[in-house]
Amino acid sequence: MAGTETAEEIDRRAAMWAARLDHGAFSLADQREFDAWAAEDPRRLGAFARARAIALHSKQASALRGGAVSEQPVMARRSLLAAGVAVAMLSGTGLAAAYWRRSQRLDTVRGEVRSVALDDGSVVTLNTLSRVSVRYTRSVREVVLMYGEALFEVAVDPVRPFVMRAAGVVLTTYDGSFLLKRLNQSPLQVAALAGSVHMRVGQEQAQILTANQLISLGGNDVSSRRSIDARQGDRLLAWRDGKIEFHDESLQAAAAEFARFSEVPIELADRNVAEMKITGLFEANDPAAFARAAARSLNLRAEISTSRILLGYG
């Protein structure tokens with residue numbers, strides 16, 4: 001039953017679904033069963049995306065060792081999560097997915113998280129309100145983050161680079177896992193979660209970003225660079241499981257983050273309230289639950305209606 005499964009149980013079941021899809025025997029009945037399974041718990045889709053990425057990377061590695069890899073059908077079907085988060089699964093349907101796609105555009109609406117398997121086995125996962133364009137040629141794999149946030153899990157290809165572009169920054173790699181975040185009025189953030197990437201900002205000399213590093217870029221300069229551990233990496237990716245995680249974050253920043261997922265704004269009584277700090281893991285689509293938790297922990301009052309949420313003094 002949803003909500004009672006451990007993370008290990010969810011991962012095990014997700015791996016079974018990924019293996020079934022990888023073997024090519026995925027009927028319409030299987031698709032319906034999968035949709036029902038994924039809809040019961042937002043953690044399940046994130047687990048499936050991870051399992052699918054691992055399977056695809058393993059196949060690429062086998063190919064590089066000399067084994068032939070056949071194209072497999074890739075499913076596409078939207079599942080409405082019980083929490084209200086719409087998710088589009090891996091793109092393409094049936095054997096048509098095996099054909100070369102030179103370009104495509106991927107989008108998400110507010111509250112939607114979408115995972116897409118590209119033709120080479122790379123996986124792109126888009127957070128809410130994001131857009132990515134994809135262009136593959138025989139010599140290069142190119143993606144552009146136009147706005148929003150996206151995780152790129154890059155399949156190994158030693159002769160065809162994977163180029164990521166965003167806000168005038170060009171990042172080039174051949175494999176790895178990279179998170180790009182481009183929001184209005186905020187510096188571009190790039191996190192290397194696995195692998196390394198060559199980064200060029202404008203006409204500046206290229207730099208190398210290595211695994212477990214995160215940078216923020218303001219204008220044409222790297223404004224900050226820091227190391228991140230596995231726990232911090234998980235926090236950055238909490239949205240894949242329908243969560244938002246804060247660590248000593250201001251209520252103002254937390255309210256802005258929830259606004260990416262929900263139409264109901266969180267308003268703050270004054271500057272003092274806005275500067276209060278919050279830590280915790282919350283459902284991305286439930287700003288009311290967040291407001292109640294914040295009110296309890298910070299000795300505030302939460303006024304909740306269908307049109308707005310106000311955090312202020314009791």
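Take Tyr136, Tyr313 and order them by how many other Cβ atoms sit within 10 Å, fewest up front.
Tyr313, Tyr136
How much length, in nm to one decimal, is gained on full extension between Ala253 and Ser227, taken as 0.36 nm per residue of separation minus their Cα-Cα distance?
That works out to 7.2 nm of additional length.
Using the 10 angstrom Cβ neighbour count as an exposure proxy, how do Asp11, Asp241 rank, fewest first?
Asp11, Asp241
Measuring from label point to label point, each 7 Å out along Cα→Cβ, what is the Glu40 to Glu303 span in nm?
4.2
Provide the net charge surrounding Thr306, with neighbours chosen by a C-beta distance below 15 Å and charges set as Lys +1, Arg +1, Asp -1, Glu -1.
-3
Quick one: which residues, 5 or more positions from Glu267 or on another chain, have an amide H under 5 Å from its amide H? H modelled 1.01 Å from N in the peptide plane, none for Pro or chain starts.
Here the answer is Ile309, Leu310, Leu311, since their amide H atoms fall under 5 Å of that of Glu267.
Taking 41 Å as R0, compute the FRET efficiency from the Cβ-Cβ separation of Thr137 and Gln185 and round it to 0.05.
Working from the Cβ atoms, E equals 0.75.
Could you list His198, His247 in order of exposure, starting from the residue whose Cβ has the fewest other Cβ atoms within 10 Å?
His247, His198
Rounded to the nearest 0.05, what FRET efficiency is calculated for Arg110 and Arg20 with R0 set to 41 Å and r the Cβ-Cβ distance?
0.80
Where a number appears in this text, it was derived from the coordinates with a stated rule and is not lab data. None of the values given here were measured: they were computed from a predicted structure. Using ideal geometry, Cβ is built from the backbone for each residue, glycine included, and neighbour counts are taken over all protein chains shown.
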